[in-house]
């Protein structure tokens, strides 16, 4: 009863989380303290931060069904009843992301202590790591867009210092320089969006949602949504701005885990937070659909050609970010949130466990494959796809003749699922084709059931767009993902044909998109003096590939 009457009293607990990271960060910056003491303190306080997130999760579970609670702290009033200041938002998104951030932070701090044992720069590393975690943990709980932007920029600047941990390594400096340029360009687009928004609307997300639902949308909102979408595209390493994400493998492995599991996902989180704003602009959503779908398809193809484990994971992150932005562009925000949480947990595990992947691959390679003709596997996969298309049509309520106009983002998710699972199962030739089909049916049923459960839990506050997809989006998406499915099957079943041998080097090089972007950007803003860039250090060079294997 007490909780339900005064939920706002518990909102302030979230401010303890960034403070629990800032305190040991300040002590780590003070070099007079022993490094071992600073690391022990950081680990202890990371446990405290995780405990606070768990307590808030329990409190929110007891308040299920309540509206988001916002509590304002420091701030100033300006203009026509406008207010800008520190305000904390207590809702399901804050609860889930805070728990995710503190859990990953606890694991990474413990892992880093052993990973950097004996390194002379480990105390400097700890201070920037804790500052980065403080900025991220504050960002996910804020309700004011100005403070969200400030925390996002602070996160990027702190991460830059971590990426430059080995400053003497030229590939690390090159990748960090490229990332710095792209991030500053994204900051400009973000600040421009805030300036346009502040002329007629509030920076407070709860107030902004009420204004958007009650007032007619001005033309400036179209530009605000478009600039916000462009910011997410730049920050989430979408093609052709992706090269830095692939080439930052010179940084310590825990930083790769933090980057791929958390920081690169912030763009998707901000889009989910600003869903009501993004829905006001059709062309902004279209930009996300185009960039996201192209990035997901191209990066997924390039990933299949890579041998280095960490580089393969980096291309996977690029593809997954594209798919997440595609979901936001389609209005499937509940799916985007599920994707964000699952991808963060998986990538944190994958990078920190990368050393065991070689051993696991050797074990899998010892399992004998069943003899069989590739055509039989192709037929099985195509039957799976046909069944998936029929399933998507049945779920959309199509009559037997079919009505494409009823196809929504949710049904597109089922279609992509139907295309993805056969591609994953075709190489598993240790089972018969009939068993393969059975595994596919169980997989589709399990994932659809998971989505249904997820939608029932979060659909009341992250509502997906139920309108039918525009015809051009449907044609683009079906063509791209259908083409990806066919090319992937061709790679697995007909990898040694002359055409595939000619295609392979171009796919391996990422179709040379990053080379062109790198040359252009370094002409505009070259590397600082003393760090020359030669052709051997440009993205297609094998240095990043070798250093991360």
> Could you say which residue among 15, 86 is closer than 30 Å to residue 195 by Cα, modelled with pLDDT under 90 and assigned to a helix (DSSP H, G or I)?
Replying inline: 15
> Given the residues 135, 175, which is the only one that is buried (at least 21 other Cβ atoms within 10 Å of the Cβ), modelled with pLDDT under 90 and not in a strand (DSSP E or B)?
Replying inline: 175
> Residues in the range 161-168: is at least one buried (at least 21 other Cβ atoms within 10 Å of the Cβ), assigned to a helix (DSSP H, G or I) and modelled with pLDDT under 95?
Replying inline: yes
>> Given (1) part of a helix (DSSP H, G or I); (2) more than 17 Å from the chain's Cα centre (by Cα), identify the lone condition not met by residue 306.
In response: (1)
> When you go through (1) in contact with a helix residue (DSSP H, G or I) (Cβ under 6 Å, 6 or more places away or on another chain); (2) over 12 Å from residue 126 (Cα atoms) one by one for residue 28, which number turns out not to apply?
Replying inline: (2)
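The values are calculated or read from the model by the stated rules, or taken from the named source; none is laboratory data. Since the structure is predicted, the reported quantities are computational estimates derived from the model, not experimental observations. No Cβ is skipped: glycine too gets one built from the backbone with ideal geometry, and neighbour counts run over all protein chains shown.
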